[in-house]
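The values are calculated or read from the model by the stated rules, or taken from the named source; none is laboratory data. In this text, all values refer to a predicted model and were calculated from it rather than measured experimentally. Here Cβ is always computed from backbone atoms with ideal geometry, including for glycine, and neighbour counts include all displayed protein chains. These accessible areas exclude ligands, DNA and RNA; they are computed on the full protein's heavy atoms, side chains included. Shrake-Rupley method; radii C 1.70, N 1.55, O 1.52, S 1.80 Å.
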Amino acid sequence: GNSVTQMEGPVTLSEEAFLTINCTYTATGYPSLFWYVQYPGEGLQLLLKATKADDKGSNKGFEATYRKETTSFHLEKGSVQVSDSAVYFCALSEINFNKFYFGSGTKLNVKP
Amino acid sequence: SAVISQKPSRDICQRGTSLTIQCQVDSQVTMMFWYRQQPGQSLTLIATANQGSEATYESGFVIDKFPISRPNLTFSTLTVSNMSPEDSSIYLCSVEGDRGRYEQFFGPGTRLTVL
């Protein structure tokens, strides 16, 4: 079946630190991979995506590379800001089924 | 991207009552989705709603507990029936992205607390 596993939080970093949030997946087909972000009190927003192996998604300084050999899609940012404090969800979607599977979410706290 | 609104944004309800959540989209969409996010947990798909047909429910969710309406291409409702404290969650609707089945856009969610 399909599933997404991401590292447990919370993750607490100082401003300008390097961020990595690990995400691995299991899929029966050829999924697209996503990172969504949920700021306090808000709904989910698409942060970035990759639709095939070796694609790199990037947005707002965040990036993630679709690694088929390791079934991973780790989220990285070189220098985090306080405004990046949020919950980050890794997700996959199999095109033919139009169905999303979400990881458990990782809460990021960035301290000034 | 679609702009999605939900009503109410939050509610506190008594056990045994029902609540209907509305989801409005600013453009016509074929598929709308309803998710539940229990406290501290991830999102779980409840059902997929296409206009003009019965909603398709995921394993563990039934129409009697979560009836869904989809009267047109911009609107849907989810009712949480005969509520219990275990139904306390955030309920989110989402829609398919413009470019096909590669992404979904989410509403702000409805935070439900059942006493």
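Classified by the C-alpha gyration tensor, chain A has a prolate form. Its axis ratio a/c, with a ≥ b ≥ c, is 1.5 or above, and a/b is larger than b/c. Averaged over the residues of A:68-76, the number of partner chain Cβ atoms lying within 10 Å of the residue Cβ comes to 0.
Heavy-atom accessible surface of the protein assembly as shown, averaged per residue, reaches 48 Å², computed with a 1.4 Å probe.
B:Met31 label point, 7 Å along Cα→Cβ, cut-off 16 Å on backbone N: hits in region B:51-78? In region B:51-78, the label zone of B:Met31 (backbone N under 16 Å from the point 7 Å along Cα→Cβ) covers B:51-59. Ranked by the mean number of other Cβ atoms within 10 Å of their residues, highest first, the peptides A:16-25, A:84-93 come out as A:84-93, A:16-25.
Going by the alpha-carbon gyration tensor, a ≥ b ≥ c the square roots of its eigenvalues, is region A:56-112 rounded (a/c under 1.5) or, if a/c is not under 1.5, prolate (a/b greater than b/c) versus oblate? Verdict is prolate for region A:56-112. Can you list the lysines whose alpha carbon is less than 30 Å from that of A:Lys56, not counting same-chain residues fewer than 8 positions off? Filter leaves A:Lys68, A:Lys77, A:Lys99, A:Lys107, A:Lys111.
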